[in-house]
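Heads up: the structure comes next, in structure tokens.
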Amino acid sequence: MHFDIVTGRFEDLDHAQEKLALVASDRDLSWSQLKQEVERLSEILAALTLPKGHPIIVYGHKRASMVVAMLACIASDHPYIPVDTVVPMERVKRILAMTKAQVVINCTGEELVLDVPLVVAEGLVERRHEPDFIESIPFRAKDPIRYIIFTSGSTGEPKGVQITRDAAGSFLRWMANDFGFGTDDVLHQPSALQFRPERV
């Protein structure tokens, strides 16, 4: 089993379901466990009835729930914006203001001190106030945005780089072709997901 970042789906479902898929700072998940958690969070996101392509901030630090959140966003066609807890809160607020994200998936296990309409944490949705989706990022069906990564920028202001489905797929194909990974190889990446290059 593996997660295909291009299709946004788990593939090869009958193969190696109990094989280790994710090793995080707090716990490990097999492919079947990862799939189950991603599907559960995807259902929660669907119930929010967000506009297609609305960005979601994934806030946390090296926990399994961050990877679950990222994959659920991809599966739901919402670009995720990974924000680590080491990022100063003023900068997080700037990212929120720039992206107009109305949802934060809080993967910290602690109270989130941000003024955001919807907070998803540990399977629950906290509705703090009514969301405003007027200025959401337009959804591009032909090549949807998979994630937005923020850099510091030369001015010190956060700058968001939009990574599309095709760009992510191209990167994975390049890695598979240039480094010759096999189906049993594990690639250490910040996402900590096993990489199965033959399905890219």
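The values are calculated or read from the model by the stated rules, or taken from the named source; none is laboratory data. Keep in mind that what you see is a predicted model, and the values were worked out from it rather than measured. Quick reminder, even Gly has a Cβ in these numbers, built from the backbone with ideal geometry, and neighbours come from all protein chains shown.
Just checking, does region 12-34 include any residue being touching a residue at least 40 places away in the same chain (Cβ under 8 Å), closer than 25 Å to Pro144 by Cβ and part of a strand (DSSP E or B)?
The answer is yes; a qualifying residue exists.
If Arg128 satisfies every condition in (1) surrounded by 15 or more Cβ atoms within 10 Å (Cβ to Cβ); (2) farther than 22 Å from Thr164 by Cα but one, which is the exception?
(1)
Within region 107-152, restricting attention to residues that are over 19 Å from Ala75 (Cβ atoms) and of a type in the set (S, T, N, Q), which residue is nearest to the chain's Cα centre (by Cα)?
Within region 107-152, the match that is nearest to the chain's Cα centre (by Cα) is Thr108.
Quick one: in region 9-51, of everything that is among the hydroxyl-bearing types (Ser, Thr, Tyr) and under 25 Å from Glu126 (Cβ atoms), which residue is modelled with the highest pLDDT?
Residues of region 9-51 that are among the hydroxyl-bearing types (Ser, Thr, Tyr), as a first pass: 25, 30, 32, 42, 49.
Right, trim to under 25 Å from Glu126 (Cβ atoms) and you get 25, 42, 49.
Numbers: Ser25: 84, Ser42: 96, Thr49: 90.
So, considering only residues that are among the hydroxyl-bearing types (Ser, Thr, Tyr) and under 25 Å from Glu126 (Cβ atoms), the one modelled with the highest pLDDT is Ser42.
Looking only at region 110-120, how many residues end up being surrounded by fewer than 19 Cβ atoms within 10 Å (Cβ to Cβ) and without any contact (Cβ under 8 Å) to a residue 24 or more places away in the chain?
The total comes to 4.
Of the residues Val83, Val67, which is crowded, with 20+ Cβ neighbours inside 10 Å, in a helix (DSSP H, G or I) and either at negative phi or touching an Asp or Glu at 6+ places or on another chain (Cβ under 7 Å) (or both)? Steps first, answer last, please.
Working: Val83 fails: in a helix (DSSP H, G or I).
Being crowded, with 20+ Cβ neighbours inside 10 Å, in a helix (DSSP H, G or I) and either at negative phi or touching an Asp or Glu at 6+ places or on another chain (Cβ under 7 Å) (or both) holds for just one of Val83, Val67, which is Val67.
Filter region 166-200 down to the residues that are within 17 Å of Val67 (Cα to Cα) and at pLDDT 80 or above and list them by number.
First, pick out the residues of region 166-200 that are within 17 Å of Val67 (Cα to Cα): 168, 186-196.
Ala168 - this is the single residue of region 166-200 that is within 17 Å of Val67 (Cα to Cα) and at pLDDT 80 or above.
For residues in region 1-38 being acidic (Asp, Glu) and surrounded by 15 or more Cβ atoms within 10 Å (Cβ to Cβ), which is farthest from Met66 (Cα to Cα)? Working first, answer last.
First pass over region 1-38, keeping only residues acidic (Asp, Glu): 4, 11-12, 14, 18, 26, 28, 37.
In the following step, the residues that additionally are surrounded by 15 or more Cβ atoms within 10 Å (Cβ to Cβ) were identified as 4, 12, 37.
Values: Asp4: 17, Asp12: 23, Glu37: 11 Å.
If we take residues in region 1-38 being acidic (Asp, Glu) and surrounded by 15 or more Cβ atoms within 10 Å (Cβ to Cβ), then Asp12 is farthest from Met66 (Cα to Cα).
Looking at (1) on the phi < 0 side of the Ramachandran plot; (2) in a loop (DSSP other than H, G, I, E, B); (3) not acidic (Asp, Glu), which one does Gly53 not meet, given that it meets all the others?
All conditions pass for Gly53, except number (1).
Quick one: is Asp77 closer than 27 Å to Asp143 by Cβ, buried (at least 17 other Cβ atoms within 10 Å of the Cβ) and of a type in the set (D, E, K, R)?
On the way: closer than 27 Å to Asp143 by Cβ: yes; buried (at least 17 other Cβ atoms within 10 Å of the Cβ): yes; of a type in the set (D, E, K, R): yes.
Spelling it out, Asp77 is indeed closer than 27 Å to Asp143 by Cβ, buried (at least 17 other Cβ atoms within 10 Å of the Cβ) and of a type in the set (D, E, K, R).
If I ask for residues that are of a type outside the set (D, E, K, R), in a loop (DSSP other than H, G, I, E, B) and modelled with pLDDT of 85 or more, which ones from region 107-143 would you list?
First, the residues of region 107-143 that are of a type outside the set (D, E, K, R): 107-109, 112-114, 116-121, 123-125, 129, 131, 133-134, 136-139, 141.
When the remaining residues are screened for being in a loop (DSSP other than H, G, I, E, B), the result is 107-109, 112-114, 116-117, 123, 129, 131, 133-134, 136-139, 141.
Hits for region 107-143 are Cys107, Thr108, Gly109, Leu112, Val113, Leu114, Val116, Pro117, Gly123, His129, Pro131.
Out of curiosity, is Ala64 within 22 Å of Phe10 (Cα to Cα), free of Cβ contacts under 8 Å to residues at least 60 places away in the same chain, among the small types (Gly, Ala, Ser) and in contact with a strand residue (DSSP E or B) (Cβ under 6 Å, 6 or more places away or on another chain)? Working first, answer last.
Numbers: within 22 Å of Phe10 (Cα to Cα): yes; free of Cβ contacts under 8 Å to residues at least 60 places away in the same chain: yes; among the small types (Gly, Ala, Ser): yes; in contact with a strand residue (DSSP E or B) (Cβ under 6 Å, 6 or more places away or on another chain): yes.
Against the criterion (within 22 Å of Phe10 (Cα to Cα), free of Cβ contacts under 8 Å to residues at least 60 places away in the same chain, among the small types (Gly, Ala, Ser) and in contact with a strand residue (DSSP E or B) (Cβ under 6 Å, 6 or more places away or on another chain)), Ala64 qualifies.
Go through region 35-49 and count every residue that is under 16 Å from the mean Cα position of the chain (by Cα) and either farther than 13 Å from Cys73 by Cα or free of Cβ contacts under 8 Å to residues at least 40 places away in the same chain (or both).
Residues that pass the stated criteria total 8.
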